[in-house]
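The values are calculated or read from the model by the stated rules, or taken from the named source; none is laboratory data. Worth saying up front: this structure is predicted, and the values here are computed from it rather than measured. For neighbour counting, all protein chains shown are included, and Cβ atoms are generated from backbone atoms with ideal geometry for every residue, glycine included.
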Amino acid sequence: MHPGWLSNAYLVGDRPGGAAVFVDSGAPLEPLLQAVEAHELTPTHLLVTHGHADHTAGNESLRRRFGLELIERAGDPLQTGALAIETLLTPGHSPDSLSFVINGEACFSGDTLFAGSVGGSGSSFADLRHSIMDVLLALPAATRVLPGHSEETSVGEEWENNPFVRIWRDLDREGDERCLLDGRDGRLVLWARDYDGGFKAWVRFEDGSDQIVGGSRVERGH
């Protein structure tokens, strides 16, 4: 995990002496490089959840070192060694957002779904909701979720306890506090803790449109 961005980079190997893939590269890479050596792994691919700098900062250094194939678009399922990789289209935070499911056990969700939070709706609120509710949370409840920032969670945990998901499931009520977002009047549907210890805000404007943003952008009580 990067100490400032709190962004994660991952290394997944099939077995000692076997194949491996990297997922994102926006964190200090030395521990992962040491793991490659310690377990005598052969990295073959770099899986990119989306193109923001806090997830791609080390892409070129990894590609130069290992000659990796870059996976940044959805395609057919991929097999490398004993790793079976499925690419899921999960736009909303950004139009190019992908998630990767490896061996049906672990989902690398990028900035779409976090432990107890969700990504900002940078490109589309409707797409973000669909990606979370109809794609990621349609996976088996026991599936590990390894997000682009902060700590690991699971599909079952987020289905039951994520505050955004609970409103989408009609389990909890929407808020009605007035607020301003970028100078626009809106209603604060949800004010919830984010992965970095700050807050994430879901705002609905008077035209019925919705946006999810970092809480620092919202003026409450207007």
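Numbers for the structure displayed
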{"read-out": "Some residue of the range 115-133 being part of a strand (DSSP E or B) and either touching a Cys at 6+ places or on another chain (Cβ under 8 Å) or buried (at least 19 other Cβ atoms within 10 Å of the Cβ) (or both)", "value": "yes"}
{"read-out": "Where a residue in the range 183-203 is within 14 Å of Gly221 (Cα to Cα) and its partner, wherever it lies, is crowded, with 20+ Cβ neighbours inside 10 Å and among the small types (Gly, Ala, Ser), with Cβ under 6 Å and at least six apart", "value": "Trp191/Ala201; Val203/Gly186"}
{"read-out": "Qualifying residue in the range 85-96 (condition: touching a Phe, Trp or Tyr at 6+ places or on another chain (Cβ under 7 Å), crowded, with 16+ Cβ neighbours inside 10 Å and assigned to a helix (DSSP H, G or I))", "value": "no"}
{"read-out": "Long-range neighbours under 6 Å by Cβ, at least six apart or interchain, first residue within 21 Å of Thr90 (Cβ to Cβ) and assigned by TED's automatic domain parsing to the domain that holds Gly148 within the range 48-71, second assigned to a helix (DSSP H, G or I) and at pLDDT below 95", "value": "none"}
{"read-out": "All strands (runs of 3 or more DSSP E) inside the range 135-203 with 2 or more residues being among the aliphatic types (A, V, I, L, M) and buried (at least 17 other Cβ atoms within 10 Å of the Cβ)", "value": "144-147, 184-193"}
